[in-house]
Amino acid sequence: RWAALAPPHQSSPSEASAASSAAPTRKREAFATVLFVRGSRLDKVLLHVEAIRVLAYSAKQRSLRERPFLVVTDDKLPEVAASALEADGLTVVPVDPGMFSFAAS
C-alpha cells in the first residue's frame, strides 16, 4: 500500500519535463499520525489506538476527497491494536527510528 503513495521515479530532468507535458499530474496526499509503541504498556497503546480511530473517522468525514490514513509506528503493533486500525481501513506503517538522524548537519 505504501508504494502506491510514493512518487514515480524519474531519472533525468528531460524525462521529468516530458512526463509532465504528456499527462496531468495528481497530488498524492494522505492523513498521517504517529503511534509510539516501543516501551509502552498495552493499555496505553490501546487508548491511543482508540483516539486515532476517532481522529481518522472525523478526518474522513470532513475531507472533500478520499485520502489514505497512515499510522506510523516505532515498533510492531500488538495484534489486537493492528487489527482494530486495519478494520477501520487505516494503514499501519512500522518504521525503525534508527533510520533517521536528527543531528545538525
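Summary of values
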read-out	value
Net charge, Gln61 excluded, C-beta distance under 13 Å - Lys, Arg +1, Asp, Glu -1	+3
Total formal charge among the other residues, if their Cβ is under 14 angstrom from that of Val45, Lys/Arg +1 and Asp/Glu -1	0
Ala32 long-range amide H proximity, modeled H, under 5 Å	Leu70
Backbone HN-Hα couplings from phi across the stretch 42-52 [Karplus 6.51/-1.76/1.60, Hz, Gly and Pro as x]	4, 4, 6, 4, 5, 4, 5, 4, 5, 4, 5
Residues with amide H under 5 Å from that of Val93, placed H, sequence gap 5 or more	Val71, Val72, Thr73
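Computed from the coordinates by the stated procedures, all read-outs in this text should not be read as laboratory data. Remember, predicted model here, so these are calculated numbers, not experimental data. Please note: Cβ atoms are built from the backbone with ideal geometry, for glycine as well, and neighbour counts cover all protein chains shown.
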